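Peer 1: For reference, the structure I am asking about is given below.
The values are calculated or read from the model by the stated rules, or taken from the named source; none is laboratory data. Since this is a predicted model, take the numbers as computed values, not measurements. Don't worry about glycine lacking a Cβ; one is built from the backbone with ideal geometry, like all the others, and counts go over all protein chains shown. Just the protein is used for accessible areas: all its heavy atoms, side chains included, with ligands, DNA and RNA removed. Shrake-Rupley method; radii C 1.70, N 1.55, O 1.52, S 1.80 Å.
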Amino acid sequence: MLAVDYFADVSETQVVQGGVLYHVSDPWTYITSHVVRIINTSFGYEVGDVISNPPHVSEAYVLASPSGALANVR
């Protein structure tokens, strides 16, 4: 079992787009590099968590696509 904090800048890359610095965490590459075969995620997302008019920010934290996990499976 391997526990990973997905929002702790795992395998982070930084991208500036539209004046916003995006910190892109890629836990999928980290997980598959440790030969993990089963990945379970639970983010606790609910529709009410989304606001319709978010404020402008200069930095954002996002996750890379999980499709990389499938590409890295051996």
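Peer 1: Return the residue satisfying two criteria in turn: it lies in segment 51-74 and is open to solvent by 90 Å² or more (accessible area, probe 1.4 Å) and either more than 17 Å from the chain's Cα centre (by Cα) or among the charged types (D, E, K, R) (or both), and of such residues it is modelled with the lowest pLDDT.
Peer 2: Arg74
Peer 1: Mind counting the residues in segment 21-37 that are aliphatic (A, V, I, L, M) and closer than 21 Å to Val57 by Cβ?
Peer 2: 2
Peer 1: Among (1) at pLDDT below 85; (2) within 17 Å of Ala8 (Cβ to Cβ), where does Ser25 come up short?
Peer 2: Failing condition for Ser25: (1).
Peer 1: State the number of residues belonging to segment 1-50 that are loosely packed, with under 13 Cβ neighbours inside 10 Å and either assigned to a helix (DSSP H, G or I) or small (Gly, Ala, Ser) (or both).
Peer 2: The number of residues fulfilling the criteria is 10.
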